[in-house]
Amino acid sequence: DAKTTQPPSMDCAEGRAANLPCNHSTISGNEYVYWYRQIHSQGPQYIIHGLKNNETNEMASLIITEDRKSSTLILPHATLRDTAVYYCIVRFDSGNTPLVFGKGTRLSVIA
Amino acid sequence: DGGITQSPKYLFRKEGQNVTLSCEQNLNHDAMYWYRQDPGQGLRLIYYSQIVNDFQKGDIAEGYSVSREKKESFPLTVTSAQKNPTAFYLCASSMYRSSYEQYFGPGTRLTVT
């Protein structure tokens, strides 16, 4: 699976959009980009995933660049409950290959 | 409610003792996973199982053992051979051939002294 690079930490004001970047310059054509988050002392939670096109669900939007070498997770209106570690993961979507977690980005939403 | 149960939430053991962590799911998922997390670090894969009676080693399997006798259960044994067993242990599961979303349990925090 391709490696990802994320900033170790970010701050965001409550109510503003949180934009979390991820670099995956060695991604191959059939590898997906996944985002999970982990609130302190809990299990990670799936947020969103995508291959080429931008994706949106009730939690977030995922913007993938045209060359697929980087992506951005957008939380449109961050709340204090969005404070967590966010993991960007790249992997093949074939069967049940396990997720490979890096250290992620620690997002702090500030009132 | 469907989900993954891990018990207990906190576990304390003396060095040299084996300890078994429980993981049960009622999601009818085929695949189950065990991860370990140390403070300030990401999750590392210990073992995973794609079907009953079959499992594969992950990146840090040494000192651990698992069994998968039932679809809904995937217990992890931390043996005395594991040199640094104190950690946060997370169990997860996913559907076979639709594995984009792994569901995680609440975790067990093991402290060995």
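The values are calculated or read from the model by the stated rules, or taken from the named source; none is laboratory data. These numbers come from a predicted model, not from an experiment. For neighbour counting, all protein chains shown are included, and Cβ atoms are generated from backbone atoms with ideal geometry for every residue, glycine included. Keep in mind that these areas ignore ligands, DNA and RNA; they rest on the heavy atoms of the full protein, side chains included. Shrake-Rupley method; radii C 1.70, N 1.55, O 1.52, S 1.80 Å.
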At q = 0.15, 0.17 Å⁻¹, base-10 log of I(q)/I(0) for chain A (Debye sum, equal scatterers on each alpha carbon): -0.58, -0.75
Could you give the distance between the Cα centres of region B:10-60 and region A:17-36, to the whole Å? 26 Å
Compute for chains A and B the buried accessible surface, both sides summed, probe 1.4 Å, and express it in Å² to the nearest 100. 1700 Å²
Given a Förster distance of 41 Å, the FRET efficiency implied by the Cβ-Cβ spacing of B:Q17 and A:N57, rounded to the nearest 0.05, works out to 0.40
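Keeping every protein chain present and rolling a 1.4 Å probe, give me the accessible area per residue for chain B in Å². Spell out each step's value before the answer.
Values: 5710 Å² over 113 residues.
Averaged over the residues of chain B, the accessible area is 51 Å².
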Distance (nanometres) between label positions extended 7 Å along Cα→Cβ at B:N26 and B:M95: 1.9 nm
Pairs of alpha-carbon atoms within less than 8 angstrom and 6+ residues apart define the contacts here; what relative contact order does chain B have, in percent? 35 percent
Solvent-accessible area per residue, Å², over region A:1-110 with all protein chains present [probe radius 1.4 Å]: 49 Å²
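Run the count for the protein assembly as shown, please: Lys pairs, Cα-Cα under 15 angstrom, 8 or more apart or on different chains.
Numbers: A:K3/A:K69; A:K3/A:K103; A:K52/A:K69; B:K14/B:K83.
For the protein assembly as shown, the number of qualifying lysine pairs is 4.
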Across bins of 10 angstrom width beginning at 0, how are the C-alpha pair distances of the protein assembly as shown distributed, in whole percent? 8, 33, 34, 20, 5, 0
Where does chain B land on Rg/Rh, using Cα atoms and the Kirkwood Rh? 0.95
Relative contact order (percent, whole number), chain A, Cα cutoff 8 Å, 6+ residue spacing: 37 percent
Residues hit by the 10 Å² burial cutoff in region B:39-57, accessible area with a 1.4 Å probe, assembly against chain on its own, are B:G40, B:Q41, B:G42, B:L43, B:L45, B:Y48, B:Q50
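Tally up the carbon and sulfur contribution to the accessible surface of region A:31-111 as a whole percent, 1.4 Å probe, everything protein left in place. If you can, show how the numbers build up before the last one.
Numbers: 1940 of 3730 Å².
Answer for region A:31-111 is 52 percent, counting heavy atoms of protein chains only.
In chain B, what percent of the accessible surface is made up of carbon and sulfur (1.4 Å probe, ligands and nucleic acids excluded)?
Values: 2620 of 5710 Å².
C and S fraction of accessible area: 46 percent.
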